[in-house]
Amino acid sequence: MSAQATDITPARSTRAGALRRKLPGSVAWHVGSLLILAVILYPVIWVIGASFKRSEDIIGSLDLFPTDPITENYTSLSDGIADISITTFFTNSLFLAVGSVIGILLSCSLTAYAFARIRFAGRNLLFTLMIGTLLLPYHVLLIPQYVLFRNLDMINTYTPLLLGKYLATEAFFVFLMVQFMRNLPKELDEAARLDGCGHLRIYWSIVLPLCRPALITSAIFTFINSWNDFMGPLIYLNEPDRYTVSLGLKMFVDQEGVANYGGMIAMTLIALLPVLAFFLAFQRYLIDGMATSGLKG
């Protein structure tokens, strides 16, 4: 027993010494992490505090939290903006966001299946040209597209904002799905063909379920991009009752340049809730899909 106690004592002292040596580094790492977290969260905390300030206090005070908090910035939103209910803006944005997600998932996944699983003449050339469209700035295409939609009498409608989503014009999401589909075993297609399945059946029943991580990733980014889009609605929408949330925020500034900063910040925080809820609802499926790499044993 005494020999065992003699052997255990040096081992314990060795571990204690190792812990003492690691303690300063661990403390420094945690302190640094907290400082970085404070820097990242500071703008969020400032916005939350500013939503309870009067407009003049937001500009004239550097205090993080209001000394005399008010709730008028939120309650005044129920009156709407320029006689238009904010529910209208949220409904319009939700319609465009959901429509964009459906269009991207259907058109881009179908295009990606053709590039990844079907051999046809000119496939590599077309895929290269599609990737090359990523190099074109959005502003280069803005005027030709506007002229085209104006000639088609589609201005002040949602068609210009949704049509491209259903024609697989988002090359990034096509590329993302192509890379994922190329990693799926070819034996799945061969087994399905032996059972008499065609390309559409293979695409819908086999490939799409296995591409859930890529589909959910595309859905999350599409929803956020569509919800936050400002340039597109600004160019194509003219009537305030068709405005999205991003354009509704612009209406807090009147023609004289006087801005209701309190109401604008309050509506900004409310506008973040659908995006946050959408991400939280789907992040679990995204992580689970990534962990299984699209295949389950």
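At a glance:
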read-out: Some residue of the stretch 38-51 being in a loop (DSSP other than H, G, I, E, B), out of contact with any strand residue (DSSP E or B) (no Cβ under 8 Å at 6 or more places or on another chain) and modelled with pLDDT of 85 or more; value: yes
read-out: Candidate set from the stretch 233-263 (those that are over 16 Å from Thr88 (Cα atoms), aliphatic (A, V, I, L, M) and at pLDDT below 90); member that is surrounded by the fewest Cβ atoms within 10 Å (Cβ to Cβ); value: Val258
read-out: Some residue of the stretch 149-167 being in contact with a Cys (Cβ under 8 Å, 6 or more places away or on another chain) and of a type in the set (Gly, Ala, Ser); value: no
read-out: Some residue of the stretch 58-72 being in a helix (DSSP H, G or I) and either assigned by TED's automatic domain parsing to the domain that holds Leu161 or modelled with pLDDT of 85 or more (or both); value: yes
read-out: Within the stretch 100-176, helices (runs of 4 or more DSSP H) holding 2 or more residues that are closer than 22 Å to Glu239 by Cβ; value: 138-151, 159-162
read-out: Criterion violated by Leu194 - all others in (1) surrounded by 16 or more Cβ atoms within 10 Å (Cβ to Cβ); (2) at pLDDT 90 or above; (3) more than 22 Å from the chain's Cα centre (by Cα) satisfied; value: (1)
read-out: Filter result for Leu141 (in the same structural domain as Phe230 (by TED's automatic domain parsing), closer than 28 Å to Ala97 by Cα and either touching a Lys or Arg at 6+ places or on another chain (Cβ under 7 Å) or free of Cβ contacts under 8 Å to residues at least 60 places away in the same chain (or both)); value: yes
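The values are calculated or read from the model by the stated rules, or taken from the named source; none is laboratory data. Since we're looking at a predicted model, the values are computed, not measured. Here the Cβ is made from the backbone with ideal geometry for all residues, glycine too, and neighbour counts use every protein chain on show.
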